[in-house]
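Following: one structure in structure tokens, then a few remarks.
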Amino acid sequence: MFFLNKKYTLTESGFLNDWTDRHSHILPGVDDGIRTMEDSLSVLKFYEQAGVSTVWLTPHIMEDVPNEPAELKERFEELKETYRQTEGEKKINLHLAAENMIDPLFVKRLEAGNLLTYGDKGDELLVETSYAQAPYRFKLILQDIRKAGLTPVLAHPERYRYMDYDDYDTLHEQGVRFQLNITSLAGAYGPEPKERAEYLLEEGYYTYQGSDLHSLSAFKRAINEHSVRKRIYRLLQHI
């Protein structure tokens, strides 16, 4: 038991080697994440050095950040072409989706089919909510996503203060998939999200992991300064 409780930082563990980041804000200049192409390339270079294999770029789409999928695709192609021309033997596999806030804009986009889908088969949709309260008609909107032939993937559920453990159980039973922010396990968002993340991990509720990277410096601090128990790393291998 002492061995399993030994702690490492995410960097010390080598966890990022051959890792797939399923949630990031690396696409430059489109939301509150990375702002410039140069900074995006710096993140990808850091990821290369850490051994990351695949990255999903998931910019925000919400009423406050009303990105159009067509414009995000153009920006994504620009990043891919610029990245292709950089030095380096091992290139990271890049994919584009979006982190969709469940709000009135999302409802309109869902009805119109104007979406950036998620997942290896393109049959999932990454969604988020306010941290403080559930969206109006939340459960019905999740049903509408399924009716559209898509499986909802809830971004960082451990961070939603309005949810309790019964809510997690119910959503999981209904087939909603969960995406973990790995820095939640390191306590980067505080003790409560860390506790919730450990519960969801131990219950086997997470399907995906992501960085939710908005800033390379902040991400480096999280993976270098916060420790995670060895047994948590073992559970992460099953996601």
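The values are calculated or read from the model by the stated rules, or taken from the named source; none is laboratory data. Model, not experiment: these values are computed from the prediction. Every residue, glycine among them, receives a Cβ derived from its backbone with ideal geometry; neighbour counts consider all protein chains shown. Ligands, DNA and RNA are excluded from the accessible area calculation, which covers all protein heavy atoms including side chains. Shrake-Rupley method; radii C 1.70, N 1.55, O 1.52, S 1.80 Å.
Only residues that are out of contact with any Leu (no Cβ under 7 Å at 6 or more places or on another chain) and either outside any helix (DSSP H, G or I) or within 18 Å of Leu213 (Cα to Cα) (or both): list them for the range 107-121, please. Gly113, Asn114, Gly119, Asp120, Lys121, listed by residue number. Scanning the range 58-77 for residues that are over 20 Å from the mean Cα position of the chain (by Cα), closer than 28 Å to Ser13 by Cα and modelled with pLDDT of 95 or more turns up nothing.
Scanning the range 144-185 for residues that are assigned to a loop (DSSP other than H, G, I, E, B) and surrounded by 18 or more Cβ atoms within 10 Å (Cβ to Cβ) yields Leu150, His156, Tyr160, Met163, Val176.
Put simply, of Glu225, Glu203, Glu192 the only residue that is out of contact with any helix residue (DSSP H, G or I) (no Cβ under 8 Å at 6 or more places or on another chain), farther than 27 Å from Leu116 by Cα and either of a type in the set (A, V, I, L, M) or at pLDDT 95 or above (or both) is Glu192. Quick one: which helices (runs of 4 or more DSSP H) lie wholly within the range 1-106 and hold at least 2 residues that are polar (S, T, N, Q)? Qualifying helices (runs of 4 or more DSSP H): 10-13, 37-50. Is it true that some residue in the range 28-38 is among the polar types (S, T, N, Q) and more than 25 Å from Leu154 (Cα to Cα)? Yes. Restricting the range 200-239 to residues that are free of Cβ contacts under 8 Å to residues at least 40 places away in the same chain, open to solvent by 20 Å² or more (accessible area, probe 1.4 Å) and in a helix (DSSP H, G or I), the residue that is nearest to His23 (Cα to Cα) is Ala218.
For the range 110-136, the tally of residues that are of a type in the set (D, E, K, R) and either open to solvent by less than 20 Å² (accessible area, probe 1.4 Å) or in contact with an Asp or Glu (Cβ under 9 Å, 6 or more places away or on another chain) (or both) stands at 3.
Here Ala70 clears all of (1) open to solvent by less than 60 Å² (accessible area, probe 1.4 Å); (2) hydrophobic (A, V, I, L, M, F, W, C); (3) closer than 21 Å to Leu150 by Cα except the condition numbered (1).
Scanning the range 94-109 for residues that are more than 16 Å from the chain's Cα centre (by Cα), open to solvent by 30 Å² or more (accessible area, probe 1.4 Å) and touching a residue at least 40 places away in the same chain (Cβ under 8 Å) yields Pro104, Leu105.
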